[in-house]
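Chemist: I have a structure I would like to understand better, so I am pasting it below and will then ask my questions one at a time.
The values are calculated or read from the model by the stated rules, or taken from the named source; none is laboratory data. Note that this is a predicted model, so its numbers are computed, not measured. Counting neighbours? That spans all protein chains shown, and the Cβs are built from the backbone with ideal geometry, glycine included. The protein model used for the area step is the full one, side chains on, heavy atoms only, and it has no ligands, DNA or RNA in it. Shrake-Rupley method; radii C 1.70, N 1.55, O 1.52, S 1.80 Å.
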Amino acid sequence: MTNGQIKAPDAEAHGPLTIQLSNISKFYSGVPALREVSIGFYAGEVHAILGENGAGKSTMMNVISGTIQPELGEIRFEGQLIEEMTPDLAKSLGISIAFQHPAVLEDLSVLENLLVALPAFAFEKTSPQSMLDSVGLKVPLHARTDQLSVAEKHLLEIAKALAIKPKVLILDEPTAPLDQDSTDMLFGRIRDVVKQGTSVIYITHR
């Protein structure tokens with residue numbers, strides 16, 4: 001990924017197309033962060049997005065997750081045109097993102113962060129404790145988030161992203177603060193969700 005432009009690799013798809021971006025452009029004060037980006041993400045595959053800082057990686061992920069709106073282009077999810085992607089719509093479609101800088105509320109408990117961040121349906125089949133267990137996060141649910149280490153906050157962020165059983169899972173520089181055991185755990189969870197048909201978008205500057 002260079003100068004805000006991405007080209008999908010010429011590879012045969014191994015599953016159905018989950019989400020497709022066509023000619024997406026986003027400008028800040030006239031400067032393109034993304035320019036005519038067209039790319040598709042397929043079910044049951046890991047897609048690595050690599051590029052230096054400022055290349056537009058996070059901007060593209062924010063477009064997919066509905067955090068920002070592009071000036072030009074269109075998004076299709078499972079073949080359906082999305083008129084306007086919003087964070088709530090993205091969650092309802094099964095798009096989740098673990099941000100590079102964890103989106104946690106430090107004056108709330110771990111449990112309260114889960115309740116605030118996740119839609120009600122996420123708790124229908126999975127308990128909050130199971131969400132933590134799935135990423136090896138060994139902290140009390142009643143612990144305030146400001147008591148967590150940087151790595152523990154990232155694991156909480158990943159737990160939130162996995163909790164909705166996503167069709168599209170976006171991981172933005174996920175291993176930077178993690179030790180080897182947590183990194184191995186994360187890669188294992190990525191393999192698990194890919195087997196279930198999730199499209200994983202893995203962002204790194206490395």
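Chemist: Long-range amide H contacts for ILE97: which residues qualify at under 5 Å (H placed 1.01 Å from N, peptide plane, sequence gap of 5 or more or a different chain)?
Modeler: Amide H neighbours of ILE97: ILE170.
Chemist: Please build a GNM for the chain, connecting alpha carbons under 10 Å apart, and tell me which residue among PHE99, PHE187, PHE41 fluctuates the most.
Modeler: It is PHE187.
Chemist: Label ALA176 and THR204 with points 7 Å out from Cα along Cα→Cβ: what is the distance between them in nm?
Modeler: Taking the two extended label points, one gets 1.4 nm.
Chemist: Please compute the per residue accessible area over the chain with all protein chains in place, 1.4 Å probe, rounded to a whole number of Å². Could you put the intermediate results ahead of the total?
Modeler: On the way: 10610 Å² over 206 residues.
Per residue, the chain has 51 Å² of solvent-accessible surface.
Chemist: In nm, what is the difference between 0.36 nm times the number of residues separating ALA48 and GLN69 and their Cα-Cα distance? Can you show the working numbers first?
Modeler: Working: separation 21, 0.36 × 21 = 7.56 nm, distance 2.25 nm.
Once the chain is fully extended between ALA48 and GLN69, it gains 5.3 nm.
Chemist: For region 183-206 and region 91-146, what is the separation of their C-alpha centers, rounded to whole Å?
Modeler: 18
Chemist: Would you mind computing the Rg to Rh ratio of region 77-206 from its alpha-carbon coordinates, Kirkwood style for Rh? Before the final figure, lay out each step's value.
Modeler: Details: Rg = 14.3 Å, Rh = 15.1 Å.
Looking at region 77-206, the ratio lands at 0.95.
Chemist: Further question on the same structure: Amide H of ILE49: which non-local residues (sequence gap of 5 or more, or other chain) have their own amide H closer than 5 Å, using H built in the peptide plane?
Modeler: TYR202, ILE203, THR204
Chemist: Please give the contour-minus-distance gain from LEU81 to ALA103: 0.36 nm per residue of separation, less the Cα-Cα distance, rounded to one decimal in nm.
Modeler: This chain segment gains 5.1 nm when fully extended.
Chemist: Follow-up. Residue by residue through region 165-176, what is 3J(HN,Hα) from phi via Karplus (6.51 cos²θ - 1.76 cosθ + 1.60, θ = phi - 60°)? Round to whole Hz and write x for glycine and proline.
Modeler: Values, residue by residue: 6, x, 7, 10, 10, 9, 10, 9, 6, x, 9, 3 Hz.
Chemist: Sticking with this one: Apply the Karplus parameterisation 6.51 cos²θ - 1.76 cosθ + 1.60, with θ equal to phi minus 60°, to every residue of region 23-39 and state each ³J(HN,Hα) to the nearest whole Hz, in sequence, with x for glycine and proline.
Modeler: Result, ordered by residue: 6, 6, 10, 9, 10, 10, 6, x, 9, x, 8, 9, 9, 6, 7, 10, 7 Hz.
Chemist: Between SER127 and ASP184, what length in nm is gained on full extension when 0.36 nm per residue of separation is reduced by their alpha carbon distance? Intermediate results must be reported in sequence, preceding the final value.
Modeler: Working: separation 57, 0.36 × 57 = 20.52 nm, distance 2.35 nm.
Difference between extended and current length: 18.2 nm.
Chemist: Given Cα pairs under 8 Å that are at least 6 residues apart, what percent is the relative contact order of the chain?
Modeler: Details: 383 pairs, mean separation 51.8, N = 206.
Relative contact order for the chain comes out at 25 percent.
Chemist: For the chain, what is the percent of antiparallel DSSP beta bridges, rounded to the nearest 5?
Modeler: So the antiparallel bridges amount to about 55 percent of the total.
Chemist: Based on DSSP H runs of at least 4 residues, each adding -39500 (n - 2.57), what is the mean residue ellipticity at 222 nm of the chain after dividing by all its residues, to the nearest 500 deg cm²/dmol? The partial results should precede the final answer.
Modeler: Numbers: 6 runs with 59 residues, N = 206.
Dividing the helical sum by the residues of the chain leaves -8500 deg cm²/dmol.
Chemist: Something else about it: Ignoring any ligand, DNA or RNA, what whole percent of the accessible area of the chain comes from carbon and sulfur when the probe is 1.4 angstrom? Walk me through the intermediate numbers first.
Modeler: On the way: 5390 of 10610 Å².
Accessible surface attributable to carbon and sulfur in the chain totals 51 percent.
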